[in-house]
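Written below as structure tokens is the structure these notes are about.
The values are calculated or read from the model by the stated rules, or taken from the named source; none is laboratory data. From a predicted model like this one, the values you see are computed outputs, not experimental measurements. Please note: Cβ atoms are built from the backbone with ideal geometry, for glycine as well, and neighbour counts cover all protein chains shown. For accessibility, only protein heavy atoms count, side chains too; no ligands or nucleic acids. Shrake-Rupley method; radii C 1.70, N 1.55, O 1.52, S 1.80 Å.
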Amino acid sequence: ISGNDGRGISSTSSQIILTSSVIKNNNKANLYSYNSTININNSLFIDTLGVSNIQTHTDDIINITYSTFVQTGLQDEANLDISSSNVNIINSIIWSNDSLRQPINLDADSISITYSNILGGWSGIGNVTGDPAFVSDTDFHLTELSPGVDRASPESSTAFDLEGNARPSSGESL
């Protein structure tokens, strides 16, 4: 889903399940939600336009696994703008090419981020910090130098990556 004049996905009182999806470059948030349940797995969100990849409100439930959220343009807004009451992020990357940009604007009662790489660092079990070492500014695969290689949670896995290729079996990568 890309190139919309408005939001990529807009949801009110719904359930969103995104698996192996690419959402990018929409003129407003790539995903906007109010009072919904959002499950994102093995997906890629890219913003080059200076808007939030995800923008949520108070009653959303958000579960994100094995997903990457990248901002590569001049940012005006946080990568994730979350005002939800229940957020779980695991084995994911939230990154920007602008180290001064806030990765997550958070106004949430409960958030758990584990085994992930968040710009500027984030406390939580298994989290790493540092440049994720993407192949390039347009190829978001991890290189061997990435702090996310072999760092995913041992309790969770997904057999295939975004392109349908088998993930390495000796230690999952973010």
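Tell me, what are the semi-axes, in whole angstrom and largest first, of the equivalent ellipsoid of the chain as set by the roots of 5 times the Cα gyration tensor eigenvalues?
Values: eigenvalues 103, 63, 51 Å².
Working through the eigenvalues yields semi-axes of 23, 18, 16 Å.
Quick one: accessible area per residue over the chain, 1.4 Å probe, rounded to a whole number of Å²? Walk me through the numbers before you get to the answer.
Numbers: 8200 Å² over 174 residues.
Per residue, the chain has an accessible area of 47 Å².
Probe radius 1.4 Å, ligands and nucleic acids left out: which of Glu163, Glu77, Glu144 has the largest accessible area, and how do the rest follow? Can you show the working numbers first?
Working: Glu163 105, Glu77 75, Glu144 175 Å².
Ranking Glu163, Glu77, Glu144 by accessible area, largest first, yields Glu144, Glu163, Glu77.
Of all the accessible heavy-atom surface of the chain, with the other protein chains kept in place and a 1.4 Å probe, what percent is carbon and sulfur?
Details: 3800 of 8200 Å².
Percent of accessible area from carbon and sulfur atoms in the chain: 46.
From largest accessible area down, sort Phe160, Phe140; use a 1.4 Å probe on the protein chains. Mind dumping the intermediate values first?
On the way: Phe160 110, Phe140 30 Å².
Sorted descending by solvent-accessible area, the residues read Phe160, Phe140.
How large is ³J(HN,Hα) for each residue in region 140-153, as worked out from phi by the Karplus curve 6.51 cos²θ - 1.76 cosθ + 1.60 (θ = phi - 60°), to whole Hz, x for Gly and Pro?
After applying 6.51 cos²θ - 1.76 cosθ + 1.60, I find 9, 6, 8, 8, 4, 7, 5, x, x, 5, 6, 10, 6, 4 Hz.
Positive end of the charge dipole of the chain (Lys, Arg +1 and Asp, Glu -1 on Cβ, about the Cα centre): tell me which of Ile16, Asn27, Ser67 has its Cα farthest that way.
Ile16
Could you tell me how many cubic angstrom of Cα convex hull volume region 1-96 has per residue? It would help to have the intermediate numbers written out before the result.
Working: hull volume 6.8 nm³, N = 96.
Convex hull volume per residue, Cα atoms: 71 Å³.
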